[in-house]
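*Asks:* First the structure, then my questions, so here it is.
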Amino acid sequence: MVALYQKVFDDLRAAIERGDYPVGQRLPSDAELTEKHGVSVITVKKALDLLRNDGYISRRPRVGTTVISDVATAAPASHSLTHPLVGLIVTNFDDTFGTRILGGLLDRANASANLLVKRSLGDASAEDRLIRALVDGGVRALILQPSSSVYIPPAVLELVTKDFPVVILDRGFDGVPVSTVCSDNIAAGQQATEYLFSLGHEHVGLVSSDSTVSTLRERRDGYVKAHAMHHIPHDDALVFDLVHSTTPGSTISPAEDVNHLEAYLRDHPEVTAVVATEYYIAAMLRVAADRMQRRIPDDLSIVCFDHPDAFYDPGRYRFTHIRQDQEGMGDAAVDLTLALIRDPREVRKVTLSTELVIGESTAPLP
C-alpha cells in the first residue's frame, strides 16, 4: 500500500511536470494542500520535503513554496545518495553577524545538501588554499564569504571559467559572472542616515573599518546618497574609515581604535550623530564618547548595523541599528547553490531588504 505522503508527492510532482504549476509560481499553501488532498499537515510537509529534496521546489519562511524546476535533480555520484556535498567558507562569525547566517544555511540544507564549513579569518592566501582543498575533496559547489571585494581569489576565477557552481555571500565581485546574495546595503546606509536627519541632526559622521569589502563601500554610498536627497552638504572630513580591530586577522587592539575614535570626536565637535557600519564600532564609539563626557543619545546619537540577539537580557544596552535578514541570506545561498548544480548557467543576484530597529542610542537634536 502506497503511503499517503508518497501519493501526495506523486500527484504534485506530476502536476509540476505537466506545467500545472510552472517554474517560478508558488504552490498553494500547506493548509490549502491539506484540504485539497484530504490529508494531515504532517503528510503534506513530508510530501513537500520529498519535492524539495528532488529539486522541484524551494520553501522559505514568510515567502512560501515556489516551483524552481520541472525536472528532478540528478543524484550526485560520489556522496550522499540524495544530498550534494557543498563547501562553505566564511571569514568569521559571531552573535552580531554570521551566526544567524549559519543557522539559515544549516536549516535550509537539512533536507537538500551536506555542508562542509571552513573559516579563513580574513586571510586571502588561506582562503585560496581552503577553496582548492574543498574542490579537491569532492564538493559539488562552493559558498564563499570573501575576505575582500577587490582581491578575487585565483581559485574562484578558475572555478567560474569551468562553470563550477560558486555563490558569493555578503559581498560583490564587479565584472565576475557569479551568483551573489547580500543585503541592499546602499538603501540601508541611506535609511540609517535619513533617520538621523529626521531627528534634526545635520552634521552626521560615518565611521567604518578599513576593510576592502563591497558591503562597507555600499553603506558609505547610501550615506552620501542620503545627503544628496535631503540637500545637506556632504563633508568628507566627517568620514572616518580607519578602524582596524574589527577586521578579521587584525593585530590592532580595540583599545587603540577607541583612542583614534576619541580623537575623531574631539576633532569634529560639530558631529552630533554617527552612522557606524558595524556593531562593535558603535560599542567603541560609546566608550570614546563616555571618556569625553558626551552622553548617548543626549549629546551623540548612533545608528549601527546588526546587533547581537538576546533572548532575555534587560541589562544589555541596545543600539538603534539596521537589521539584516541573516537567516534569509543563508537560506537564499543554499537555493542559489542548488540551482547552479542543476544548471551552471543559472547565475543570479539576490538582494534582501533590511529593517531599521529603534534602540536607546538615538534621540532628537536638543
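*Asks:* Once each part is reduced to its C-alpha centroid, what is the distance from segment 160-209 to segment 23-70 in angstrom?
*Replies:* 32
*Asks:* Shape verdict for segment 4-67, please, from the Cα gyration tensor: rounded (a/c under 1.5), prolate (a/b greater than b/c) or oblate.
*Replies:* Rounded, since a/c falls under 1.5.
*Asks:* Considering the values (1) 16.7; (2) 22.6; (3) 21.2, which represents mean projected area of the Cα convex hull in nm² as calculated for the structure under consideration?
*Replies:* (3)
*Asks:* Now for a different question. Cut-off is 10 Å between beta-carbons; in what order do F164, F173 appear when sorted fewest neighbours first?
*Replies:* Details: F164 17, F173 22.
Ascending Cβ contact count within 10 Å gives the list F164, F173.
*Asks:* Moving to a separate point now. Could you grab the relative contact order for the chain? Cα pairs under 8 Å, six or more apart, rounded to a whole percent. Could the numbers behind the result be given before it?
*Replies:* Numbers: 680 pairs, mean separation 61.6, N = 366.
So the answer I get is 17 percent.
*Asks:* With both bridge residues required to lie in the chain, what share of the DSSP beta bridges run antiparallel, to the nearest 5%?
*Replies:* Taking every DSSP beta bridge with both residues in the chain, the antiparallel ones total about 20 percent.
*Asks:* With a 10 Å cut-off between alpha carbons and a GNM built on the chain, which of D170, D299, D20 moves the most?
*Replies:* D20
*Asks:* Using a simple spin-label model with points 7 Å from Cα along the Cα→Cβ vector, what separation in nm is obtained for M292 and A228?
*Replies:* That separation, rounded to one decimal, is 2.9 nm.
*Asks:* May I ask for the distance between the Cα centers of segment 254-290 and segment 326-354, given as a whole number of Å?
*Replies:* Centre-to-centre distance over Cα atoms comes out at 36 Å.
*Asks:* Nearest 5 percent is fine: what portion of the DSSP beta bridges confined to segment 160-317 is antiparallel?
*Replies:* So the antiparallel bridges amount to about 0 percent of the total.
*Asks:* Using a Gaussian network model on the chain with a 10 Å cutoff between Cα atoms, which of I131, I252, I281 fluctuates the most?
*Replies:* Residue with maximal mean-square fluctuation among I131, I252, I281: I252.
*Asks:* What does the net charge come to around T193 if you take all other residues with beta carbon closer than 14 Å to its beta carbon, with K and R at +1 and D and E at -1?
*Replies:* -2
*Asks:* So what's the net charge close to I341: Lys and Arg +1, Asp and Glu -1, counting the other residues with Cβ under 15 Å from its Cβ?
*Replies:* Working: positive: R52, R108, R140, K162, R342, R345, R348; negative: D54, D163, D335, D343, E346.
So the surrounding residues net to +2.
*Asks:* Give me the net charge for the shell around G98: Cβ to Cβ below 10 angstrom, other residues only, Lys and Arg +1, Asp and Glu -1.
*Replies:* Charge balance in the 10 Å sphere: -2.
*Asks:* So what is the relative contact order for segment 137-272, in percent, with contacts set as C-alpha pairs under 8 Å and at least six apart?
*Replies:* Dividing the mean separation by the residue count of segment 137-272 yields 21 percent.
*Asks:* Still on this structure: Only four residue types carry charge here, +1 at the Cβ of Lys and Arg and -1 at the Cβ of Asp and Glu. Report the dipole size of segment 162-218 about the Cα centre in Debye, rounded to the nearest 20.
*Replies:* With only Lys, Arg, Asp and Glu charged at Cβ, the dipole is about 160 debye.
*Asks:* Counting alpha carbon pairs within less than 8 Å and at least 6 residues apart, what relative contact order, in whole percent, applies to segment 4-67? It would help to have the intermediate numbers written out before the result.
*Replies:* Details: 62 pairs, mean separation 27.7, N = 64.
Answer for segment 4-67 is 43 percent.
No lab work stands behind these numbers, since they all come straight from the coordinates. Remember, predicted model here, so these are calculated numbers, not experimental data. Don't worry about glycine lacking a Cβ; one is built from the backbone with ideal geometry, like all the others, and counts go over all protein chains shown.
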